[in-house]
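A.B. asks: Sending over a structure as structure tokens; questions will come in a sec.
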Amino acid sequence: MAQPTRHKLHRQLQLFLSPLSSSGDGLLFLLLRPFFSSFFRGLLGFSFFVFFWTLFVAGAVEAQETNPVDKQALFELMYSINYENDWLSYYPDPCMGGPQGIVCEPDAVTGVYYVTQLEFGFISPITSIIPCSNNATIPPASIAKFTHLDTVAFYNCFMDTNNTVTIPSEIGQLGPTLRLLSFTGNTGLVGGIPPELGALTGLKRLVLVENGLQGSIPQELGNLTSLTQLDVSHNSLTGQIPGSLAGLRNLVNLDMRYNRLDGVFPLAFGSGFPALQRLALSYNQLQGSLPDMFTDLPALSLLDLSFNNFSGTLPLTLGSLSNLQDLFLSANGIGGEIPSSLGALQNLVILDLSWSNYSGTIPSSFKNLQNLRYLGLSNNRLTGTIPASLASLPYIFTLNLEANDLSGPLPFPISFVQKMGQNLVVRGNPGLCYNSQMVNMGVEPCSNNSSLTNASAPSSVSPSASSPQHGRNPSIFLTLAFLFSFLYTVLCIL
């Protein structure tokens, strides 16, 4: 500090302390004088620190900049997605207060900003990201320039089936930083899945749902060993499921529904996926027998293989899927008896085995399915009587046994029938009958000679239908009515 400035501060301090030193407590102020002098010097130093720190922060803010390559590629992409907006005028630097859907983050060393997230299209009315024009495209050269992308997503963006686009193979050059790649609801997105996507070794979620994608699933996707979600449902994919996908041991959700995939069920899918929770392959053209290898799938909660061409019998090892909650196997050619091992699936909520070729009886072990809410066994060739224990399932909401060869009286109490209402479906079983106290449920009433297996059920039909005396009552009432009318007429004449 310069000498005049220091002298000036010293003089001001003396003036501040002089009234105090002239008082009777002069000795006290003489003792405190060094403290006040140090305090004001410290206060002055702190003021200088705050001033220079403010200048530093302001300079740092002014120095923020976006990587020029990312900035150029971003504008090229934004104009290709939606040419109707003048993006350069609206957002001179999209990383500094740009539109929703564009996220940038600074480099930890240089502080330069790079684009890390790109989201375009329409998600919901309350979510506003960059909309897509009718002729939106993806410039391949531009998408390949980004080096720090974490997320790339296009939602309901390419909708014009007369102006179709494809997934650029250059996306495979985005490197190991990419975690999510999503094309969802793009009916104008056609062509195949680029094999180059197999180079995205850091990818955790590959979501290609409700598009117009065609061709086979590339073997190269088996290189994405970090994947937790692979969803290619609702497309027009063909061919077999690649065996290379057996190496995706971190999968949690594997969904290939609503395609035209054929071939057999991959053996490797029956075991070795410790984290897999959802396996959905329904609405395809898969065929052959299911392997009896459903082991080492401790987390599986949903298995959907319905609406395929599977044959053979149900594997006994299905009963080892202890955490399974939803099992859909309907509309296949699977036959034989329903294994009693399914009764071990105590967490099961939905069991749908309808529209197949199952024969034999309904397993009595189903009484152990204490969490079951839906049981669909319709349109099979099941025989025998209905287990009365099904009425004891505490959460059962729908019981569909339609179109089988079941026989005997319905063994359910009236309270259960009333509780189920229309959700209890038993029509189409010629050998079934219902007792007098029950309503007609699409089956014939039990005759007098029916052999009843339920001790709580009555052994005859209603008295009004069986008693001869009640059968003559209508004639008696007609005779009495005629006589009364005749006497009334005579009295009126007289």
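The values are calculated or read from the model by the stated rules, or taken from the named source; none is laboratory data. Computed from a predicted structure; not experimentally measured. Quick reminder, even Gly has a Cβ in these numbers, built from the backbone with ideal geometry, and neighbours come from all protein chains shown. Only protein heavy atoms, including side chains, enter the accessible area calculation; ligands, DNA and RNA are left aside. Shrake-Rupley method; radii C 1.70, N 1.55, O 1.52, S 1.80 Å.
A.B. asks: For the structure I just gave you, tell me whether D292 is in a loop (DSSP other than H, G, I, E, B) and within 24 Å of the chain's Cα centre (by Cα).
C.D. replies: So D292 fails the test.
A.B. asks: Six or more apart or on different chains, Cβ atoms under 8 Å: show the pairs whose first residue is in the range 360-382 and closer than 18 Å to G319 by Cα and whose second is aromatic (F, W, Y) and open to solvent by less than 10 Å² (accessible area, probe 1.4 Å).
C.D. replies: Between residues of the range 360-382 that are closer than 18 Å to G319 by Cα and residues that are aromatic (F, W, Y) and open to solvent by less than 10 Å² (accessible area, probe 1.4 Å), the close pairs are L372/F366; L375/F366; L377/Y358.
A.B. asks: From the set of residues in the range 288-312 that are of a type in the set (F, W, Y) and out of contact with any helix residue (DSSP H, G or I) (no Cβ under 9 Å at 6 or more places or on another chain), which is least open to solvent (accessible area, probe 1.4 Å)?
C.D. replies: Among those that are of a type in the set (F, W, Y) and out of contact with any helix residue (DSSP H, G or I) (no Cβ under 9 Å at 6 or more places or on another chain), it is F310.
A.B. asks: Which residues, taken from the range 195-209, are open to solvent by 70 Å² or more (accessible area, probe 1.4 Å) and within 18 Å of G239 (Cα to Cα)?
C.D. replies: none
A.B. asks: Something else now. Within the range 112-127, is even one residue more than 22 Å from V207 (Cβ to Cβ) and among the hydroxyl-bearing types (S, T, Y)? Lay out the reasoning, then the answer.
C.D. replies: Taking the range 112-127 and keeping what is more than 22 Å from V207 (Cβ to Cβ), we get 112-114.
Still in the list and also among the hydroxyl-bearing types (S, T, Y): 113-114.
Yes, the range 112-127 has at least one match.
A.B. asks: Scanning for something over 21 Å from the mean Cα position of the chain (by Cα) and under 22 Å from Y283 (Cα atoms), does the range 223-236 turn up at least one residue?
C.D. replies: Taking every residue of the range 223-236 in turn, none turns out to be over 21 Å from the mean Cα position of the chain (by Cα) and under 22 Å from Y283 (Cα atoms).
A.B. asks: Hey, could you check the range 173-192 for residues that are open to solvent by 10 Å² or more (accessible area, probe 1.4 Å) and outside any strand (DSSP E or B) and say which is modelled with the lowest pLDDT?
C.D. replies: Of everything passing the filter in the range 173-192, G175 is modelled with the lowest pLDDT.
A.B. asks: Given the structure, is L393 under 30 Å from Y258 (Cβ atoms) and open to solvent by less than 10 Å² (accessible area, probe 1.4 Å)? Explain how you work it out, then say what you get.
C.D. replies: Working: under 30 Å from Y258 (Cβ atoms): no; open to solvent by less than 10 Å² (accessible area, probe 1.4 Å): yes.
Against the criterion (under 30 Å from Y258 (Cβ atoms) and open to solvent by less than 10 Å² (accessible area, probe 1.4 Å)), L393 does not qualify.
A.B. asks: Now for a different question. Filter the range 331-353 down to the residues that are polar (S, T, N, Q) and crowded, with 21+ Cβ neighbours inside 10 Å and list them by number.
C.D. replies: Answer for the range 331-353, where residues must be polar (S, T, N, Q) and crowded, with 21+ Cβ neighbours inside 10 Å: just N332.
A.B. asks: For L197, all conditions in the list (1) over 15 Å from T151 (Cα atoms); (2) in a helix (DSSP H, G or I) hold save one; what is the number of the exception?
C.D. replies: The one condition L197 does not meet is (1).
A.B. asks: Out of all the residues in the range 249-260, is one or more open to solvent by 10 Å² or more (accessible area, probe 1.4 Å) and part of a strand (DSSP E or B)?
C.D. replies: yes
A.B. asks: Among the strands (runs of 3 or more DSSP E) lying completely within the range 347-441, list those that include at least 1 residues that are touching an Asp or Glu at 6+ places or on another chain (Cβ under 8 Å) and either of a type in the set (F, W, Y) or more than 22 Å from S322 (Cα to Cα) (or both).
C.D. replies: 357-360, 374-376, 381-384, 431-434
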